[in-house]
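K.L.:
Got a structure for you, questions after.
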Amino acid sequence: MADELEAKAWAVRALAHAPYSRFRVGAALLAADGRVFSGCNVENASYGLTICAERGAVVQAVAAGATKFTRIVVATDIDPPAAPRGACRQVLREFGPDLVVDSVGPHSRKQWRLWELLPEAFGPESLG
């Protein structure tokens, strides 16, 4: 499944709308039920309104009724590959601290569990 996820992340990365940064990102998210959801970054001239690839994939998944995830693959054109940034980490955390996060670049890859990228995170259990 990791190879399929990586292929989907690279494919959707090619569709990213990144006219300002030229930093295209694709993400493929594996739901616990086996479905795959993808997203790419969509930049906006008002930078704060940019949608990240990871959050785009989460929105697609939730809209389809999936809220449990096991893995996400994030594809970027840099080596070493970039980890999801803070806002994306927090959104992914909503659906499980043990999510496997694979970041892939043209020639290398890195892997973490989400709790390693966002230790001591605020999550649903924090609300009591």
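The values are calculated or read from the model by the stated rules, or taken from the named source; none is laboratory data. Quick caveat: nothing in here was measured; it's all calculated off a predicted structure. Ideal geometry is used to build each Cβ from the backbone, glycine not excepted, and the neighbour counts take in all protein chains shown.
K.L.:
Please determine whether any residue of region 38-48 is polar (S, T, N, Q) and over 24 Å from residue 94 (Cα atoms).
P.N.:
Scanning region 38-48, I find at least one residue that is polar (S, T, N, Q) and over 24 Å from residue 94 (Cα atoms), so the answer is yes.
K.L.:
Let me ask you something else. Considering each of 98, 77 in turn, give the residue that is acidic (Asp, Glu), closer than 21 Å to residue 31 by Cβ and either outside any helix (DSSP H, G or I) or touching a helix residue (DSSP H, G or I) at 6+ places or on another chain (Cβ under 7 Å) (or both).
P.N.:
Criteria check complete, one pass: 98.
K.L.:
Also, quick follow-up: Surrounded by fewer than 20 Cβ atoms within 10 Å (Cβ to Cβ) and either in a helix (DSSP H, G or I) or of a type outside the set (Ser, Thr, Tyr) (or both): is that true of residue 56 in this structure?
P.N.:
Here the answer is no, as residue 56 does not meet what is asked.
K.L.:
Follow-up. Is it the case that residue 72 is under 16 Å from the mean Cα position of the chain (by Cα), loosely packed, with under 14 Cβ neighbours inside 10 Å, aliphatic (A, V, I, L, M) and not in a helix (DSSP H, G or I)?
P.N.:
Taking the combined requirement at face value, the residue does not satisfy it.
K.L.:
Since residue 45 meets every condition but one in (1) surrounded by 13 or more Cβ atoms within 10 Å (Cβ to Cβ); (2) outside any helix (DSSP H, G or I); (3) of a type in the set (A, V, I, L, M, F, W, C), which condition does it not meet?
P.N.:
In the conditions (1) surrounded by 13 or more Cβ atoms within 10 Å (Cβ to Cβ); (2) outside any helix (DSSP H, G or I); (3) of a type in the set (A, V, I, L, M, F, W, C), residue 45 misses (1) alone.
K.L.:
Determine if region 42-59 includes at least one residue that is of a type outside the set (A, V, I, L, M, F, W, C), in contact with an Asp or Glu (Cβ under 9 Å, 6 or more places away or on another chain) and under 21 Å from residue 14 (Cβ atoms). It would help to see each step written out before you state the result.
P.N.:
So the first thing to find is which residues in region 42-59 are of a type outside the set (A, V, I, L, M, F, W, C), and the list is 43-44, 46-48, 50, 54-56.
Now drop any that are not in contact with an Asp or Glu (Cβ under 9 Å, 6 or more places away or on another chain), which leaves 50.
Next, from what is left, pick out any that are under 21 Å from residue 14 (Cβ atoms): 50.
Yes: region 42-59 contains one or more residues that are of a type outside the set (A, V, I, L, M, F, W, C), in contact with an Asp or Glu (Cβ under 9 Å, 6 or more places away or on another chain) and under 21 Å from residue 14 (Cβ atoms).
K.L.:
Here's something else I'd like to know. For region 110-128: of the residues being modelled with pLDDT of 95 or more and not hydrophobic (A, V, I, L, M, F, W, C), which is nearest to residue 92 (Cα to Cα)?
P.N.:
113
K.L.:
Could you list all residues from region 20-32 that are surrounded by 11 or more Cβ atoms within 10 Å (Cβ to Cβ) and either modelled with pLDDT under 95 or not hydrophobic (A, V, I, L, M, F, W, C) (or both)?
P.N.:
Taking region 20-32 first, the residues surrounded by 11 or more Cβ atoms within 10 Å (Cβ to Cβ) are 20-21, 23-32.
20, 21, 24, 26, listed by residue number.
K.L.:
Ok, one more. Give me the pairs, please: first residue somewhere in region 44-67 and free of Cβ contacts under 8 Å to residues at least 24 places away in the same chain, second residue anywhere and surrounded by 11 or more Cβ atoms within 10 Å (Cβ to Cβ) and of a type in the set (Asp, Glu), beta-carbon distance under 6 Å, and either six or more positions apart or on two chains.
P.N.:
Pairs found: 50/43.
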